[in-house]
Amino acid sequence: MARYDGLPEFVAARGQALLRSAYLLTGDGHLAEDLVQSTLVKVAPRWRRVAAVGNPEAYVRKMLYHEHISWWRRRSRRNELPSAAPPDDERRPDFADGALLSMVLQQALTKLTAKQRAVIVLRFYEDRSEIETAELLGCSTGTVKSQTHRALARLRVLEPGLADLLTDAETLEATR
């Protein structure tokens, strides 16, 4: 148990934050749980070294993003594609504007590539810089910039109702 000292406490403290990020990356609660679990299984044997370095969350998050991209690559090699749309629900709940916007954004995010989704989550949800995002994803800052630009343009086409939100994101991007 000594080699896992602190891991249960880390998971208890940061597990929900990791799960939220995983959900934004995958767009599915069950896949998000699987992604976090898969990542933590890979971290566990290295936990003592990871914790000794001093910033275990950064390491775990980087592994989470890399694991997500690995899943995406494996899936693309098998030519699996997600279903076009979720099944229609005959019940029509009355959503508040914020909840509706959140749902529309979530659906739009699922239509992006895995890399574009990862860039958007890191840049705007986690408020990471281009340099931090590039380091976490293992790519250049130019790739982060181009993926951000393409993702925002694609979101604008996919969901015109998000135009105000996307304009705010681009304004934020331009001020950094």
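The values are calculated or read from the model by the stated rules, or taken from the named source; none is laboratory data. What you see is a predicted model; the values in this text were computed from it and never measured. Here Cβ is always computed from backbone atoms with ideal geometry, including for glycine, and neighbour counts include all displayed protein chains. SASA here: full protein model, heavy atoms, side chains in, ligands and nucleic acids out. Shrake-Rupley method; radii C 1.70, N 1.55, O 1.52, S 1.80 Å.
For residue 127, are the conditions met, namely being closer than 24 Å to residue 20 by Cα, modelled with pLDDT of 85 or more and surrounded by fewer than 13 Cβ atoms within 10 Å (Cβ to Cβ)? Yes.
Within the stretch 142-159, work out how many residues are under 11 Å from residue 120 (Cα atoms) and either in contact with a Cys (Cβ under 7 Å, 6 or more places away or on another chain) or open to solvent by 40 Å² or more (accessible area, probe 1.4 Å) (or both).
At the first step, the residues of the stretch 142-159 found to be under 11 Å from residue 120 (Cα atoms) are 144-145, 147-152, 155.
Imposing the further condition that a residue be either in contact with a Cys (Cβ under 7 Å, 6 or more places away or on another chain) or open to solvent by 40 Å² or more (accessible area, probe 1.4 Å) (or both) reduces the set to 145, 149-150.
Selection size over the stretch 142-159: 3.
Which ones in the stretch 125-148 are part of a helix (DSSP H, G or I) and among the charged types (D, E, K, R)? It would help to see each step written out before you state the result.
First, pick out the residues of the stretch 125-148 that are part of a helix (DSSP H, G or I): 125, 130-137, 141-148.
Of everything in the stretch 125-148, those that are part of a helix (DSSP H, G or I) and among the charged types (D, E, K, R) turn out to be 130, 132, 135, 145.
Looking at residue 122, is it assigned to a helix (DSSP H, G or I), under 20 Å from residue 18 (Cα atoms) and modelled with pLDDT of 80 or more? Taking the combined requirement at face value, the residue satisfies it.
Taken together, 108, 151 contain a single residue that is closer than 21 Å to residue 29 by Cβ, small (Gly, Ala, Ser) and in a helix (DSSP H, G or I), which is 108.
Listed by first and then second residue, the pairs with beta-carbon distance under 6 Å, at least 6 apart or on different chains, first residue in the stretch 23-45 and of a type in the set (S, T, N, Q), second open to solvent by 20 Å² or more (accessible area, probe 1.4 Å), are 39/63.
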